[in-house]
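The values are calculated or read from the model by the stated rules, or taken from the named source; none is laboratory data. Quantities reported herein were computed from a predicted structural model and do not represent experimental measurements. Methodologically, a virtual Cβ is constructed for each residue, glycine included, from the backbone with ideal geometry; neighbour enumeration extends over all protein chains shown.
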């Protein structure tokens, strides 16, 4: 849904495309055998090939190719059986070869789609133009020394998938939804961990503005937006910046800009004249890559159930709302946890409620993921069982849950230890009711003479007297009978 | 196709090679001569011909995803002009 | 008894095998020869201590019955091959002092088989040249002189040091690389045998790259048999090189002396170029006659795109080298000229580190790949290259080998031909087509010109048919009975 911006000369529409660089999960690098772990000591994960020593040559990592194919299939994209690696030539301190091995005219994956989930519950299909494999560069640290930049090549040569979207997005929300969905899909596939903090998933935003219905305007590329929040902020800022320029009679210069998170603005990068003529040509150290049908089929069979399909299944089979199902499938670990809680036998809606509202709510507060939940799926299931068979009431269950979180103990043992079993013995309940009515004879009279609202008071008293353990439904039932006279 | 000193300066900048003015002029003549000479290829009818990027008729071989620990930091920094604390040092880059 | 430095590799192996000589003696003799011939400047770095140590070790291996196929044979190694612990410069200032921590696959293969390294042979800078005049470490002098003329001559290039060393008997064999003729042409100029195998036969891993789709390592020696022996060790599949071809290495030595009866020798009419010296033309015809005498049949063939080969090469090779040489930037190894910022560091380092010819080729390459020119030059050249390769494919349907002269002239004087780059490029007119098509080729010394300088004949074969090329070359060698020795030799 296009979010039009009100300008001086009328309404403007944003046209947004995203380029995502996703680091491929693999043990070794795309063209060398050096390890790919994050955070190692500088230059300890660098092979001679990564350091571009004289005479070094690239050899292609089979698993990285499979990961790219898997991702392509997960994006419902066309897999190109023949693709070519090309050199993208430019100079930078963390680009040892003086060129990046990438793919240009013939990428490994072609057109695909991503269904994005918008805040109002609707979905939209956003086109993916292509996905190709390329080398990551090393890292330059500019803040370690007054007059020097430090270069660490650990990351140099790690496999990246560059995923380019069609310029189909029309609002910051859509862009955010695209990034979130893409990230979720990559994590489901196990092809990228989507960690934007660590830089294993990076986004560049391409944005232009136009009057609705007009041809595309000149776009700018915004780099260094390393969180969904920043992507949204950068889009808002850049759209307005461009609108202002055009409305004042200027023209947009096609350029690359950096997002400055501190100031909340985009800045022009010190572009150098004709600096970026990359002189792409097929890498003569490599041969064209040909994929066979058998391999593609094998990867297809290994595809997990993807988030959209899983969400549909939860909605259809478990009757969950789109929202609830959406929350559960946002992370595969959550969906797996949920299904373990269900264990094929428990009430899906109740389970969903507990997982989402209670568990995820608590974990969110403490800044943890479901993988770090102190309560296991089996344990939560146990609690739900106690609730379902009326061993405890809903209110008590919440207390038990809190105790489980804090202590890591199981539901049953907590209930036993603290004697929290629900009182369902009507005789015992009657006794408490009688005692309360006796203590509050005046109120009984008031109730009987028409003050219906006092019913809540009696319920409260009974619950209090029973230490919260009386079965609320029975209390209601018995109280009604007795108060009626 | 004739190249002038300005064109040579542009190419030299792309190739990150500093040239003196004399070199630029001299090279403009030399490069013009070589480019003019290779222009003869325009005579050749190449309709329907695929560019030959490798004489090896095969397809790219794939390597298993196995880590190779044979190179350590010492090897990588052994010939570095300015190794500092395990990094390669270069003049500070301002982005 | 033959002087130790006159022994061929085959002869030396025989004598080593019979304990008539020791590897230590053999190496010492060559080291002494090198000392006496320093004026040729064939070596950038001599490695006498390393050589003696390896030679002694070779004697030890032989004594224990563990002798490899080249055990104890001393070789000159072109300074384009990265050798662990020994300076590797590629003939350039930009790699002065660079000591690799790794060994190229080809030299590792040679050392695995027992060879001994005498030193790193001089070459044109980054293998770009046909005269060895562009080396940052000084020009190499050919051990040959024109009759009655004392001017120093070029040994050819780019593997000039390797060729000069073998011709001057400083080493019985040497490694070279051939991208457009850099083994074959200096072999012809120096009166020795030089071979470029099929592209993909020898690994390129650890060889400083010039033009990736063309570079091939190969042997120099004074006989075809010696080259065959060396090639057997050098060749082989390398998983570290994506362009290395996985085919078994035959016993090339067995192809020497194989009959060539019934083989068809193609003589390409387009190689009879304008202004070709009469001597070279007549030697070519003489070569045809020799091969017919040995039982082969000669047949005229056509390689119609021959005249476009040089232009094609001088687009493709510079394009690839402009990218391959981008890594020489002063950041991680080699020369660094300090600068106030990164750009200054790059521009200053590369300005000072690269010589004129290298700069020229990088600029040509950058230009032909640049926006707006890519299709007209680079793509066009690769299409013409396809046609040149097709020419050969079609020709090999009616012949088994192609016979041509190796070079359009004998060696010229140092300093001659150095003004006009194109005049220098024309030296490669007969060798470049086979490079573009990736075919195996060999140059065999066939005669002398009027000034007493060596002339070579070239045989080209089908991909991976080095055996037929060797058989044909051996037949030529036998018929030519080339026995001239250079004027300037070590004492």
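A Cβ distance below 8 Å, combined with a sequence gap of six or more or placement on separate chains, defines the contacts here; from segment A:355-368, residues that are within 10 Å of residue A:405 (Cα to Cα) reach residues that are loosely packed, with under 12 Cβ neighbours inside 10 Å in the pairs A:363/A:372.
One line per residue, one yes/no per condition, for (1) surrounded by 20 or more Cβ atoms within 10 Å (Cβ to Cβ); (2) closer than 26 Å to residue C:358 by Cβ; (3) more than 14 Å from chain B (Cβ to nearest Cβ); (4) in contact with a helix residue (DSSP H, G or I) (Cβ under 7 Å, 6 or more places away or on another chain):
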position	(1), (2), (3), (4)
C:82	yes, yes, no, no
C:87	no, yes, no, no
C:102	yes, yes, no, no
C:106	yes, yes, yes, yes
C:109	yes, no, yes, yes
C:116	yes, no, yes, yes
C:122	yes, yes, yes, yes
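Applying a threshold of 6 Å to beta carbon distances and a minimum spacing of six or more residues, or different chains, the list of pairs starting in segment A:293-318 at a residue that is without any contact (Cβ under 8 Å) to a residue 12 or more places away in the chain and ending at one that is surrounded by 12 or more Cβ atoms within 10 Å (Cβ to Cβ) reads A:315/A:325. Filtering segment A:24-38 to residues that are closer than 24 Å to residue B:89 by Cα, surrounded by fewer than 21 Cβ atoms within 10 Å (Cβ to Cβ) and facing chain B (nearest Cβ under 8 Å) leaves only A:35. Annotation: residue C:134 fulfils all but one of (1) surrounded by fewer than 24 Cβ atoms within 10 Å (Cβ to Cβ); (2) touching a helix residue (DSSP H, G or I) at 6+ places or on another chain (Cβ under 8 Å); the unmet one is (1).
Taking segment C:354-374 as the range and being within 7 Å of another protein chain (Cβ to nearest Cβ), under 16 Å from residue C:335 (Cβ atoms) and surrounded by fewer than 24 Cβ atoms within 10 Å (Cβ to Cβ) as the test, only C:359 passes. Taking segment B:78-95 only, how many residues are more than 7 Å from chain A (Cβ to nearest Cβ) and either under 20 Å from residue C:338 (Cβ atoms) or touching a residue at least 12 places away in the same chain (Cβ under 8 Å) (or both)? So the answer is 7.
Kindly evaluate residue A:10 against the criterion of being out of contact with any strand residue (DSSP E or B) (no Cβ under 7 Å at 6 or more places or on another chain) and more than 8 Å from every other protein chain (Cβ to nearest Cβ). Yes; evaluated as a whole, the condition is true for this residue.
Looking across segment A:438-462 at every residue that is within 21 Å of residue A:426 (Cα to Cα) and touching a residue at least 24 places away in the same chain (Cβ under 8 Å), the one that is farthest from the chain's Cα centre (by Cα) is identified as A:444. Within segment C:375-387, the set of residues being under 30 Å from residue C:288 (Cβ atoms) and surrounded by 24 or more Cβ atoms within 10 Å (Cβ to Cβ) comprises C:384, C:385. Scanning segment A:65-120 for residues that are closer than 30 Å to residue C:347 by Cα, part of a loop (DSSP other than H, G, I, E, B) and within 14 Å of chain C (Cβ to nearest Cβ) yields a total of 11.
The set of residues in segment C:249-287 being surrounded by 19 or more Cβ atoms within 10 Å (Cβ to Cβ), in contact with a strand residue (DSSP E or B) (Cβ under 6 Å, 6 or more places away or on another chain) and not in a strand (DSSP E or B) consists of C:271, C:280, C:283, C:284, C:287. Of the residues screened, residue C:384 is not one that is over 24 Å from residue B:55 (Cβ atoms) and either more than 11 Å from chain A (Cβ to nearest Cβ) or part of a strand (DSSP E or B) (or both).
Out of B:65, B:75, one residue alone is part of a loop (DSSP other than H, G, I, E, B), within 10 Å of chain A (Cβ to nearest Cβ) and farther than 17 Å from residue C:386 by Cα. It is B:65.
Can you tell me which residues in segment C:299-336 are surrounded by fewer than 19 Cβ atoms within 10 Å (Cβ to Cβ) and more than 9 Å from every other protein chain (Cβ to nearest Cβ)? Answer for segment C:299-336, where residues must be surrounded by fewer than 19 Cβ atoms within 10 Å (Cβ to Cβ) and more than 9 Å from every other protein chain (Cβ to nearest Cβ): C:299, C:300, C:302, C:304. Somewhere in segment A:398-410, is a residue surrounded by 13 or more Cβ atoms within 10 Å (Cβ to Cβ), assigned to a helix (DSSP H, G or I) and over 32 Å from the mean Cα position of the chain (by Cα)? Looking through segment A:398-410, none of the residues is surrounded by 13 or more Cβ atoms within 10 Å (Cβ to Cβ), assigned to a helix (DSSP H, G or I) and over 32 Å from the mean Cα position of the chain (by Cα).
Residue A:191 meets all of the listed conditions (1) farther than 30 Å from residue B:83 by Cα; (2) away from every other protein chain (no Cβ under 14 Å); (3) in contact (Cβ under 8 Å) with a residue 40 or more places away in the chain but one, namely (2). Hey, does segment A:260-272 have a residue that's outside any helix (DSSP H, G or I), at pLDDT below 95, surrounded by fewer than 13 Cβ atoms within 10 Å (Cβ to Cβ) and touching a helix residue (DSSP H, G or I) at 6+ places or on another chain (Cβ under 9 Å)? Yes; the residues of segment A:260-272 include at least one that is outside any helix (DSSP H, G or I), at pLDDT below 95, surrounded by fewer than 13 Cβ atoms within 10 Å (Cβ to Cβ) and touching a helix residue (DSSP H, G or I) at 6+ places or on another chain (Cβ under 9 Å). Please work out if residue A:294 is part of a helix (DSSP H, G or I) and within 14 Å of another protein chain (Cβ to nearest Cβ). Spelling it out, residue A:294 is indeed part of a helix (DSSP H, G or I) and within 14 Å of another protein chain (Cβ to nearest Cβ).
Each residue in segment B:9-54 was checked for being farther than 15 Å from residue C:377 by Cα, more than 7 Å from chain C (Cβ to nearest Cβ) and assigned to a helix (DSSP H, G or I), and 11 of them qualify. Going by the conditions given, is residue C:39 more than 24 Å from residue C:483 (Cβ to Cβ) and surrounded by fewer than 16 Cβ atoms within 10 Å (Cβ to Cβ)? So residue C:39 fits the description; yes. Being away from chain C (no Cβ under 14 Å) and more than 30 Å from residue B:94 (Cβ to Cβ) is a condition met by no residue of segment A:39-46.
Checked against (1) out of contact with any helix residue (DSSP H, G or I) (no Cβ under 7 Å at 6 or more places or on another chain); (2) in contact (Cβ under 8 Å) with a residue 60 or more places away in the chain; (3) part of a helix (DSSP H, G or I); (4) surrounded by fewer than 20 Cβ atoms within 10 Å (Cβ to Cβ), residue A:276 passes all but a single condition, namely (3).
Do the conditions hold for residue A:160, that is, is it crowded, with 23+ Cβ neighbours inside 10 Å and within 14 Å of chain C (Cβ to nearest Cβ)? When the stated conditions are applied, residue A:160 does not pass them. Could you please let me know if residue A:179 is surrounded by 21 or more Cβ atoms within 10 Å (Cβ to Cβ), in contact with a helix residue (DSSP H, G or I) (Cβ under 6 Å, 6 or more places away or on another chain) and in contact (Cβ under 8 Å) with a residue 60 or more places away in the chain? Here the answer is yes, as residue A:179 does meet what is asked.
On the basis of being at pLDDT 95 or above, farther than 26 Å from residue C:135 by Cβ and part of a helix (DSSP H, G or I), does residue C:52 make the cut? Yes, satisfied. Taking the criterion of being within 7 Å of chain B (Cβ to nearest Cβ) and either within 20 Å of residue C:318 (Cα to Cα) or not in a helix (DSSP H, G or I) (or both), the residues of segment C:338-353 that qualify are C:339, C:340, C:341, C:346, C:347, C:350, C:351.
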